[in-house]
Amino acid sequence: KRFLAFLVAMGIIVNLGDAFCFSKMNKPGEADKGCILDGKLYPFGEIARTDNCFRCSCSQDAMRCCSLFHTPIGYDKEKCKVVFNKESCNYDVVQKSDPSKECFVSSR
């Protein structure tokens, strides 16, 4: 019973934590004024949201970032399509026949 409870708990944690993360190490002397990501200079410290929808931490050693968006997986793939919304930093799932109408998404 404990093992089953553990598996259920781990399944929930994996579903909640699907954010994409990466680190970019800075070369010595490269990060004098901050970190560069996609050609833009970001200041040292915490960056709540980059232009490409990542939450980052910038130090002289490295820039560490995680996505602010989650990929939808539970939707009708025949009738619907996924479109990235840069305003909300999320994916919209809309009808292929009428993109003005949203589709139901059961999980991300």
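The values are calculated or read from the model by the stated rules, or taken from the named source; none is laboratory data. These numbers were taken from a predicted model, which means no experiment stands behind them. In this analysis, Cβ positions are derived from the backbone assuming ideal geometry, glycine residues included, and neighbour counts consider all displayed protein chains. SASA here: full protein model, heavy atoms, side chains in, ligands and nucleic acids out. Shrake-Rupley method; radii C 1.70, N 1.55, O 1.52, S 1.80 Å.
A few comments on the model shown:
- Every residue from the stretch 75-86 that is farther than 14 Å from Pro99 by Cα and either exposed (fewer than 11 other Cβ atoms within 10 Å of the Cβ) or in contact with a Lys or Arg (Cβ under 6 Å, 6 or more places away or on another chain) (or both): Lys86
- The residues in the stretch 24-49 that are small (Gly, Ala, Ser) and surrounded by 13 or more Cβ atoms within 10 Å (Cβ to Cβ) can be counted, and the count is 2.
- Looking only at the stretch 87-108, and only at residues there that are among the charged types (D, E, K, R) and within 24 Å of Asp51 (Cα to Cα), the one that is least open to solvent (accessible area, probe 1.4 Å): Asp92
- Residue count for the stretch 50-74, restricted to those that are closer than 23 Å to Glu102 by Cβ, touching a Cys at 6+ places or on another chain (Cβ under 6 Å) and open to solvent by 10 Å² or more (accessible area, probe 1.4 Å): 2
- Only a single criterion out of (1) at pLDDT 90 or above; (2) farther than 17 Å from Ser107 by Cβ is not satisfied by Val82, namely (2).
- Close Cβ contacts (under 9 Å, 6 or more residues apart or on different chains) running from residues in the stretch 69-84 that are closer than 18 Å to Cys21 by Cβ to residues that are open to solvent by 80 Å² or more (accessible area, probe 1.4 Å) and among the basic types (Lys, Arg) comprise Phe69/Arg108; His70/Arg108; Thr71/Arg108.
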